[in-house]
Amino acid sequence: MVALDARLQSLKTGQPQQDALVELFTALAAKAHDVSRIISAGGELGNTIGDQNADGDAQKALDVMADDEFLEAAKVSGVVAAYCSEEQDSAVIIDESAPLIVAIDPLDGSSNIDVNVSIGTIISVLPNPGGDLQQSAMQTGDQQLAAAFFVYGPQTTLYLTTGNGTDLYRMDPVSGVFLLIEEGIEIPEDTSEYAINASNARQWFTPVQRYISDLLLGDEGPRERNFNMRWIGSLVADAGRIFNRGGVFLYPGDRRPKYENGRLRLIYEANPVAFLVEQAGGAATDGTTRILEKSPTEIHERTALVFGSKTEVRWVGSYEAETRQGLDQSPLFSHRNLFRS
Ligand code: F6P
Ligand code: MN
């Protein structure tokens with residue numbers, strides 16, 4: 001089996017930003033091994049430490065530990081100019097002349113830490129275009145050189161793209177070596193499985209409310225078949241399932257205060273997941289706009305996120321379009337068809 005190191009070496013092109021990815025992911029993978037061991041050992045790391053992160057979420061000891069570890073990895077790699085993390089108010093400047101910018105969610109799904117459910121680390125890698133590094137973190141997702149997430153679960157896995165397909169690696173728990181187990185993952189185009197936190201249903205806007213209620217009608221509704229629902233509550237774990245067997249994930253905006261753009265962050269959650277998903281043949285939007293085309297205006301900006309099997313992401317887009325056009329208010333509006341319009 002091919003190890004991550006060997007595979008990264010083979011991707012070298014002689015282009016400095018591209019080649020720097022080898023150093024970066026070697027350092028990140030070594031830290032992911034450490035973090036996965038700490039998580040498996042258990043202990044007090046799920047404890048809330050009384051602080052809030054830049055986005056107002058309660059910080060846990062493990063959030064802070066993971067952030068320290070991955071910041072250290074970014075430093076020792078020698079290729080990172082700036083490190084933008086969910087756990088830091090602004091970009092940490094490491095070396096202005098280095099070729100890469102890293103945006104990271106060091107510990108995703110932290111509400112699942114203390115219950116032994118899969119959690120992970122999400123990474124977006126951007127080129128350093130020079131100039132003000134706080135500003136340079138605000139590139140569109142289309143500029144990403146690489147994106148990845150580690151999942152710390154029954155197995156520790158890595159989903160990685162450098163823009164040439166999405167590959168899946170599994171870590172050998174003893175040696176910490178990541179071995180390639182699937183090259184060029186393909187997310188099935190069609191699916192009958194969806195993921196959404198349904199406890200927010202009464203707060204959703206009309207298009208998502210209509211889309212989900214049509215799924216719930218199953219074979220008695222306009223979709224004429226039954227759908228299954230899965231919601232793990234860690235983005236990395238829900239995304240991992242979708243890479244493996246398809247599905248559609250929604251974290252839409254809703255009517256709760258501060259949730260009009262959903263909950264997930266554009267530059268270190270939605271962008272890397274969207275890049276990985278598109279590289280695996282899936283789609284990722286905020287309901288209407290392709291995630292990778294959105295221009296961030298601040299590091300911790302949120303976005304609605306819909307991703308996964310292409311056909312369902314298109315269906316969500318069609319409900320959004322009908323609401324925009326006022327079609328769902330029409331007395332003639334009843335039976336719908338994606339391919340009508
Ligand atoms: O990072 C935010 C996050 O923990 C994601 O991993 C997950 O998808 C989402 O929040 C869960 O949100 P909620 O608790 O609102 O269902
Ligand atoms: Mn997260």
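The values are calculated or read from the model by the stated rules, or taken from the named source; none is laboratory data. Predicted model, so just to flag it, every value in this text is computed and none were measured. No Cβ is skipped: glycine too gets one built from the backbone with ideal geometry, and neighbour counts run over all protein chains shown. SASA here: full protein model, heavy atoms, side chains in, ligands and nucleic acids out. Shrake-Rupley method; radii C 1.70, N 1.55, O 1.52, S 1.80 Å.
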Note to self: So, in the range 234-251, exactly how many residues are open to solvent by 10 Å² or more (accessible area, probe 1.4 Å) and either assigned by TED's automatic domain parsing to the domain that holds G109 or over 11 Å from the mean Cα position of the chain (by Cα) (or both)?
What the structure shows: 4
Next item on the list: Output the residues belonging to the range 88-105 that are under 20 Å from the mean Cα position of the chain (by Cα) and closer than 18 Å to Q144 by Cα.
Entry: A91, L100, I101, V102, A103, I104, D105
Margin query: From the list N261, N271, N226, exactly one residue is open to solvent by 30 Å² or more (accessible area, probe 1.4 Å) and either away from ligand 1 (no atom under 14 Å from the Cβ) or under 15 Å from A147 (Cα atoms) (or both). Which is it?
Written below: N226
Checklist line | Selection from the range 178-194 of residues that are crowded, with 19+ Cβ neighbours inside 10 Å and either of a type in the set (S, T, Y) or not in a strand (DSSP E or B) (or both) | finding: I185, I187, T191, Y194
Note to self: When you scan the range 196-203, do you find a residue that is away from ligand 2 (no atom under 16 Å from the Cβ), touching a residue at least 60 places away in the same chain (Cβ under 8 Å) and either among the basic types (K, R) or part of a loop (DSSP other than H, G, I, E, B) (or both), even just one?
What the structure shows: no
Next item on the list: Only one of these is open to solvent by 50 Å² or more (accessible area, probe 1.4 Å), within 16 Å of ligand 1 (Cβ to nearest atom) and touching a helix residue (DSSP H, G or I) at 6+ places or on another chain (Cβ under 9 Å): W204, W231. Name it.
Entry: W231
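Let's see how each residue does on (1) in a strand (DSSP E or B); (2) open to solvent by 50 Å² or more (accessible area, probe 1.4 Å); (3) within 16 Å of ligand 1 (Cβ to nearest atom):
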{"position": "Q88", "(1), (2), (3)": "no, no, yes"}
{"position": "S111", "(1), (2), (3)": "no, yes, yes"}
{"position": "G120", "(1), (2), (3)": "yes, no, yes"}
{"position": "F150", "(1), (2), (3)": "yes, no, yes"}
{"position": "G163", "(1), (2), (3)": "no, no, no"}
Checklist line | Unmet criterion (only one of (1) under 30 Å from K258 (Cα atoms); (2) under 19 Å from the mean Cα position of the chain (by Cα); (3) charged (D, E, K, R)) for R202 | finding: (2)
Notebook entry, point to check: So which pairs qualify, if the first residue must be in the range 127-138 and at pLDDT 95 or above, the second must be among the polar types (S, T, N, Q) and in a helix (DSSP H, G or I), the Cβ gap must be under 7 Å, and the two must be at least 6 apart or on different chains?
Noted result: P127/Q17; P127/Q143; N128/S136; P129/S136
Next item on the list: Residues being in contact (Cβ under 8 Å) with a residue 24 or more places away in the chain and open to solvent by less than 30 Å² (accessible area, probe 1.4 Å): count how many of those fall in the range 9-26.
Entry: 4
Checklist line | Pick from the range 212-223, criterion open to solvent by less than 70 Å² (accessible area, probe 1.4 Å) and under 29 Å from the mean Cα position of the chain (by Cα), ranking: nearest to ligand 1 (Cβ to nearest atom) | finding: I212
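On the basis of being over 30 Å from Q135 (Cα atoms) and in a helix (DSSP H, G or I), does E312 make the cut? Before you say what the answer is, go through the steps one by one.
Working: over 30 Å from Q135 (Cα atoms): yes; in a helix (DSSP H, G or I): yes.
Yes, satisfied.
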Next item on the list: Would you mind telling me which numbered condition in (1) within 17 Å of D190 (Cα to Cα); (2) not in a helix (DSSP H, G or I) E260 fails?
Entry: (1)
Notebook entry, point to check: Does A29 meet the test of being open to solvent by less than 50 Å² (accessible area, probe 1.4 Å) and at pLDDT 95 or above?
Noted result: yes
Next item on the list: Among the residues of the range 34-48, write down those that are assigned to a helix (DSSP H, G or I) and surrounded by fewer than 19 Cβ atoms within 10 Å (Cβ to Cβ).
Entry: D34, R37, I38, S40, A41
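So for the range 49-58 (the condition being open to solvent by 10 Å² or more (accessible area, probe 1.4 Å), outside any loop (DSSP other than H, G, I, E, B) and within 16 Å of ligand 2 (Cβ to nearest atom)), does at least one residue qualify?
Yes: the range 49-58 contains one or more residues that are open to solvent by 10 Å² or more (accessible area, probe 1.4 Å), outside any loop (DSSP other than H, G, I, E, B) and within 16 Å of ligand 2 (Cβ to nearest atom).
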